[in-house]
Amino acid sequence: MPIEIDISSMSPERFRSVLPQERYAAFERATGEARELLRDRVVWNVNSTALGGGVVELLRPLVAYARGTGVDARWVVIDGTPDFFAITKRIHNHLHGTTGDGLPLDEDARRIYEGVLAENLSELAPRVHAGDVVIVHDPQPAGLIDGLRDAGATVIWRCHIGIDEPNDVARQAWAWLEPYVLAADAFVFSRESFAWDGLDRDRVHVIPPTIDVFSPKNQDLEPDVVRAVLVASGLVIGSGEHPPATFRRRDGTPGRVERRAHLVEDGPLSPSAPIVLQVSRWDMLKDPFGVIRGFAEHVPRATGAHLVYAGPSVEAVADDPEGTEVLRASIALREDLPSEPRSRVHLATLPMQDSEENAVMVNALQRHARVIVQKSLAEGFGLTVAEAMWKARPVVASRVGGIQEQIVHGDSGVLLDNTHDLAAYGAAVTALLEQPEQARRIGERARERVSEHFVSVRSLLDYLEVIRSLVHVPAH
């Protein structure tokens, strides 16, 4: 049964403090138009999970700020079986051009996929009224599109994943999904190059993802609070007195870090040790093996640096059945390393019972890190890059997908042309560790770039433009 996620409204008034006056004035005008355009309509967002991953990071602020402008925005998460999520993970991998579990997208897969979504549609369609707008996110709920249009809704398919140069595997996934996707009134991709061949270009729109700079994951934290969060969560060893590990929740109420991360390590991490950090789901496309091996083999002991690879607790991410297997394999790889550098490699799984507590742990890790890595083999957009850049951290990342939109190579980060060149990855990280002034300048430019291009209000305006092209102001 699909579940509606309770999202409180957040006033976008707070963006006055981070936007130039003229940009904020344009935003106010646009939100006034949105209230009129969407009067008596609901804007639904439908996806497959409320925990973990970039889509969740996008949806929470998007829905909250839309509600804060006076739009009736809602978020529904579909239900699914383990077989369904195994198939949708296979689709996800195929859309990135990889075979994943090696099993086919065949008629048996289609039967399971359609059966689960038919059950979800029977519960969701009666709640959607003629004139409503439904944004269906990614492949998992794409099979709902036709039924939601039959209910009288305007339906937008939002695909957050893709590949710059599609191969036969990706095109096979396109062909498998097309019967569901083509019924949408509009298609939204993160990059122009991700748009599928054969789609009506008049219905294709490009919306780069953005971050909420006021969320627990991105809000400013004082250095003593960063240290307190890391100690309270067990990510670094503590000594002496520390202030409480507190943070501000999205609704403005205080929160406190009380749960501890699970660490696979030879010994606790000193707070004075330079950290190289990657934050990712336990997913082969994030290249955890390459991150670990490249650090172990090519970041010298003389730098004093330690690698922290941090991901969510795998039990909490229902729509990613490969997570447990990837985590186990990453632990095995670490265990096979020589004692040095194994002692400098730490694998962390972060608790997910409280998503905002999890977010502030990530925030503290990113602010504490000396260098942040996103060595993905494929990437839809890579919001962890923008998050790190907002915190003025120098980022070393693969030149894949939407990461290329965020980083200007050599100015606001470092891009790796060959995702499999571990020596180049290690050299880039080492150079930033050994040249702190250059790292500081890159970090400053990174924060400026996020402020200019990747703050949440941009997404609200972009979605409004798409909706405006599809619906009309109701007559009174």
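The values are calculated or read from the model by the stated rules, or taken from the named source; none is laboratory data. Everything numeric here is computed off the predicted structure, so don't read it as measured data. Neighbour counts are summed over all protein chains in view; Cβ atoms, including those assigned to glycine, are modelled from backbone coordinates with ideal geometry. The area values use the complete protein model at the heavy-atom level, side chains included, leaving out ligands, DNA and RNA. Shrake-Rupley method; radii C 1.70, N 1.55, O 1.52, S 1.80 Å.
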- List the equivalent ellipsoid semi-axes of the stretch 100-172 in whole Å, largest first, each obtained as the square root of 5λ for an eigenvalue λ of the Cα gyration tensor. 26, 17, 8
- Task: Set the Förster distance to 25 Å, then compute FRET efficiency between ASP417 and ALA329 from the Cβ-Cβ distance, nearest 0.05.
- Result: 0.40
- Residue separation times 0.36 nm, minus the C-alpha to C-alpha distance between GLN353 and LEU51: what's the value? 107.8 nm
- Calculate I(q)/I(0) for the stretch 242-282 by the Debye formula, one identical point scatterer on each C-alpha and no solvent, and give its log10 at q = 0.26 Å⁻¹ to two decimals. -1.10
- With all protein chains present, the stretch 189-271 has a carbon and sulfur share of its accessible area (1.4 Å probe) in percent of 47
- Message: Could you compute the longest span of the chain free of GluC sites (Glu not before Pro) located in DSSP loops and having at most 12 other Cβ atoms within 10 Å, not counting the site residues?
- Response: 1-240
- Averaged per residue, the 1.4 Å probe accessible area of the chain, protein heavy atoms only, in Å², is roughly 40
- Task: Show the residues, 5+ positions off or on another chain, whose built amide H is closer than 5 Å to the amide H of ASP72.
- Result: VAL43
- Message: Using a 1.4 Å probe on the protein heavy atoms only, what accessible surface does LEU37 show? Give it in Å² to the nearest 10.
- Response: 10
- Message: Below 12 Å, Cα to Cα, which aspartates and glutamates can LYS89 reach? Residues fewer than 8 away in the same chain don't count.
- Response: ASP101, ASP138, ASP283, ASP319, ASP320, GLU322
- Based only on the alpha carbon positions, what is the Kirkwood hydrodynamic radius of the stretch 73-115, in angstrom? 11.3
- Message: Explain nothing, just compute: Karplus ³J(HN,Hα) = 6.51 cos²θ - 1.76 cosθ + 1.60, θ = phi - 60°, for every residue of the stretch 255-267 in order, whole Hz, x for Gly and Pro.
- Response: x, 9, 7, 10, 8, 10, 6, 9, 10, 10, 7, 7, x
- Over the Cα atoms of the stretch 317-424, how large are the radius of gyration and the largest Cα-Cα distance (Dmax), in Å? 15.2, 39
- Message: From the phi angles alone, apply the Karplus equation (6.51, -1.76, 1.60; θ = phi - 60°) to the stretch 166-177 and give each ³J(HN,Hα) in whole Hz, x where the residue is Gly or Pro.
- Response: x, 10, 5, 5, 5, 5, 5, 5, 4, 4, 5, 7
- Task: Quick one: P(r) of the chain from all Cα-Cα pairs, 20 Å bins, percents rounded to integers, in order of increasing distance.
- Result: 24, 58, 18, 0
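Between THR99 and GLN172, what length in nm is gained on full extension when 0.36 nm per residue of separation is reduced by their alpha carbon distance?
Length gained between THR99 and GLN172: 25.2 nm.
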- Query: In whole Hz, what ³J(HN,Hα) sequence does the stretch 185-195 give by Karplus (6.51, -1.76, 1.60; θ = phi - 60°), x for Gly and Pro?
  - Reply: 6, 8, 10, 10, 10, 7, 9, 4, 5, 7, 5
- Task: Decide, for the stretch 221-329, between rounded, prolate and oblate: order the square roots of the alpha carbon gyration tensor eigenvalues as a ≥ b ≥ c, take rounded if a/c falls under 1.5, and otherwise choose prolate if a/b is larger than b/c, else oblate.
- Result: oblate
- Task: With runs of 4+ DSSP H residues as the only contributors, calculate the mean residue ellipticity of the chain at 222 nm using -39,500 (n - 2.57) per run, divided by the residue total and rounded to the nearest 500.
- Result: -12500 deg cm²/dmol
- Just flag the chymotrypsin sites (Phe, Trp or Tyr not before Pro) in the stretch 240-341 sitting in loop per DSSP whose Cβ has no more than 12 other Cβ atoms within 10 Å. none
- Shape of the stretch 1-41 from its Cα gyration tensor (a ≥ b ≥ c, root eigenvalues): rounded if a/c is under 1.5, otherwise prolate when a/b > b/c, or oblate? oblate
- How big is D, in µm² s⁻¹, for the stretch 1-124 by Stokes-Einstein at 20 °C and 1.002 mPa s if Rh is the Kirkwood radius over C-alpha pairs? 126
- Task: Specify the inter-centroid distance of the stretch 67-84 and the stretch 324-353, based on alpha-carbon positions, in whole Å.
- Result: 33
- Alpha carbon convex hull of the stretch 334-378, projected area averaged over orientations, nm²: 4.8
- Would you kindly find the accessible area of ARG39, with a 1.4 Å probe and non-protein molecules such as ligands, DNA and RNA excluded, rounding to the nearest 10 Å²? 100
